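Please treat every number below as a calculation from the coordinates, not as lab data. Quick caveat: nothing in here was measured; it's all calculated off a predicted structure. Because the Cβ atoms are built from the backbone with ideal geometry, glycine has one as well, and the counts that use them run over all protein chains shown.
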Amino acid sequence: MKSYYICIATLIFVTACAFAQSPAPKPDSRALFDAITQADAAIFSAFNAHDADRLMSFFTEDVEFYHDKDGLNDYAQTARGFKNLFASAPDIRRELVAGSLEVYPLKDDGAIQVGQHRFTHKENGKEEVGTFKFVQIWRKTGEQWKLSRVISYGH
């Protein structure tokens, strides 16, 4: 009987901890989610069009782009990396994995975006598909959302 009460007490404690760690959704979270979803779609529209100049307009000048295979890149290195990628893989495309997007508010007009995306291109005449994880920090500058930090991993 004593073990029964210990089990119940443990269950109540674990449940209380879980609820304590789950923040209540904020009323503006849907608007933020929609804004970041639109910004994500716009940046990858430029990516899929292989428009490196338009793509880079979505990054802050002080961007830090962390890639698990390539390391840390600044704005100029990121721009060169995209130009080189588009030259070496002219058919590369990106799509967001449906249902993978999470958006969290970040104090002072920012947002944290977490998700998975799939890249597709042909290599040696064969279609290659890779699904990778990312974390992005968006900063609202004026009326535009821009990426200030990117972490791309799982390659």
| request: Quick one: residue 137 ticks every box in (1) assigned to a strand (DSSP E or B); (2) out of contact with any Gly (no Cβ under 9 Å at 6 or more places or on another chain) except a single one, so which number is it? | output: (2)
| message | Which of the strands (runs of 3 or more DSSP E) found entirely inside the range 31-129 contain at least 2 residues meeting this: loosely packed, with under 11 Cβ neighbours inside 10 Å, within 18 Å of the chain's Cα centre (by Cα) and hydrophobic (A, V, I, L, M, F, W, C)? | response | none
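When only residues in the range 139-155 that are in contact with a strand residue (DSSP E or B) (Cβ under 6 Å, 6 or more places away or on another chain) and either under 16 Å from residue 106 (Cβ atoms) or charged (D, E, K, R) (or both) count, which is surrounded by the most Cβ atoms within 10 Å (Cβ to Cβ)? Please lay out each step first, then the result.
Taking the range 139-155 first, the residues in contact with a strand residue (DSSP E or B) (Cβ under 6 Å, 6 or more places away or on another chain) are 139, 145-155.
Checking which are either under 16 Å from residue 106 (Cβ atoms) or charged (D, E, K, R) (or both) leaves us with 139, 145-151.
Values: 139: 18, 145: 23, 146: 18, 147: 21, 148: 18, 149: 18, 150: 19, 151: 15.
Only one residue tops the list, namely 145.
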| Give me the pairs: first residue in the range 75-103 and within 21 Å of residue 36 (Cα to Cα), second residue basic (Lys, Arg), beta-carbon distance under 6 Å, and six or more apart or on different chains, which are they? | 95/118; 97/118
